[in-house]
Amino acid sequence: MNTGVTAAPVVVETLGWRGELPGTLELIDQRELPGRRVQLQIDTVEGCWEAIKVLAVRGAPAIGVAAAYGVVLGAQEALKAQPKQPADALRKAALIACDRLATSRPTAVNLFWALERMRAAAKAAPGPAGPDVARALLVEARAIHDSDRATCRAIGRHGHPLLKDGARVLTHCNAESLATGGAGTALSVIYAAVEAGKRISVFSCETRPLLQGARLTAWELQAHGVPVTLMTDGMGAFAMQRGKIDAVIVGADRIARNGDAANKIGTYAHAVAAREHGIPFYVAAPRSTFDLSISSGAEIPIEERSPDEVTTFAGKRVAPEGVAVWNPAFDVTPAKFITALITEHGLIRPPCEAEVMKVLGRT
């Protein structure tokens, strides 16, 4: 399909800090897309926790960035309550905010990575006045955000040579700019390929039960002028069998030391089908998504969400009352099904502990 699309896409800014101190965390409420674009203004730790918990902000890197700003909100709240608090009191408030935000969602390790950076920043922040700590925290949160933007660009740069001109790419869930602080992870590869003059088209799986692929990925790609075809999750294997797919690229929420990768539920099935049909399966993720403390995907905590996400659709019940529901939000794809991991530090190929540690062990 020759679309003539070669211009760099406009990145959707999913979240950001507005003002200085005092300031607010502003983010797009992704629950409302694509029907309405609603900006949430958040000025409390609890508001940030709620936004992460209910998926108003989602995507592993974006969750980490939001949480970093949430820690700043914790310090800001403490200053508002008592403007002349000493530095130690602000440090304590920041650490309490870190502990609270860490309970929002369990699987995306970027959340905990960002909070560890904010804890370190709080402990190292200068004194003796509380505002000095708050300013140091805002500097660190902005650095995390800026780093994510640069990371997305680097992932695209390393990954786009894997896609040939005319490639038809299947993706699952949303790993675009809405999921990060920059241009996305998996889809930054696609955007970089488009910028390089390649003709790329995308098959986006709807991603049940919350339809991130239909509501978010299809919306973003369409807005950027990248040809996108929407299909249900169960159609992926058949599309591969019919020769419609040249590559699969997905993001991840946590990757173990051996290369096993957790991503949105349904990803594993695509990986198995891709292996059967000889189609490369790529996972694009930043260093912050790797959890080198765990040896395999068996150790990744899998979030289970409300049965209502499965039994209702658009506010209408679609399943019988009282039916049992299992609703894991993620699954784990074993490294043996992954052709390469695409990171800001380069490709990890083949995905295995030795290669992961070779590329990332010193970063």
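In the range 316-336, which residues are touching a strand residue (DSSP E or B) at 6+ places or on another chain (Cβ under 8 Å) and surrounded by fewer than 10 Cβ atoms within 10 Å (Cβ to Cβ)? Within the range 316-336, Val318, Trp326 qualify.
Counting only residues that are charged (D, E, K, R) and touching a Phe, Trp or Tyr at 6+ places or on another chain (Cβ under 9 Å), which one in the range 211-267 is nearest to Glu353 (Cα to Cα)? This residue is Arg257. When the residues of the range 57-94 are filtered to those that are in contact with a helix residue (DSSP H, G or I) (Cβ under 6 Å, 6 or more places away or on another chain) and without any contact (Cβ under 8 Å) to a residue 40 or more places away in the chain, the one that is surrounded by the most Cβ atoms within 10 Å (Cβ to Cβ) is Gly74. The residues of the range 268-282 that are buried (at least 21 other Cβ atoms within 10 Å of the Cβ) and either within 18 Å of Leu162 (Cβ to Cβ) or touching a Phe, Trp or Tyr at 6+ places or on another chain (Cβ under 7 Å) (or both), listed by number, are His270, Ala271, Ala274, Phe281, Tyr282. All conditions but one from (1) on the phi < 0 side of the Ramachandran plot; (2) not in a strand (DSSP E or B) apply to Gly278; the one that does not is (1).
Any chance the range 147-155 includes a residue that's within 30 Å of Leu90 (Cβ to Cβ) and hydrophobic (A, V, I, L, M, F, W, C)?
Yes, the range 147-155 contains at least one residue that is within 30 Å of Leu90 (Cβ to Cβ) and hydrophobic (A, V, I, L, M, F, W, C).
Listed by first and then second residue, the pairs linking a residue in the range 305-334 that is within 22 Å of Ala108 (Cβ to Cβ) to a residue that is of a type in the set (Phe, Trp, Tyr), with Cβ atoms under 6 Å apart and 6 or more places separating them unless they lie on different chains, are Asp331/Tyr268; Thr333/Tyr268. Residue check: is Ala324 modelled with pLDDT of 95 or more and part of a loop (DSSP other than H, G, I, E, B)? Considered against the rule, which asks whether it is modelled with pLDDT of 95 or more and part of a loop (DSSP other than H, G, I, E, B), Ala324 comes out as yes. On the stretch given as the range 281-304, residues that are hydroxyl-bearing (Ser, Thr, Tyr) and either part of a strand (DSSP E or B) or without any contact (Cβ under 8 Å) to a residue 40 or more places away in the chain (or both) total 2. Annotation note: Cβ proximity below 8 Å between a residue of the range 338-357 that is in a helix (DSSP H, G or I) and a residue that is of a type in the set (Gly, Ala, Ser) (sequence gap 6+ or interchain) occurs for Glu353/Gly259; Glu353/Ser295; Glu355/Gly259; Val356/Gly259.
The values are calculated or read from the model by the stated rules, or taken from the named source; none is laboratory data. Note that the structure is a prediction, hence the values are computed from the model and not measured. Quick reminder, even Gly has a Cβ in these numbers, built from the backbone with ideal geometry, and neighbours come from all protein chains shown.
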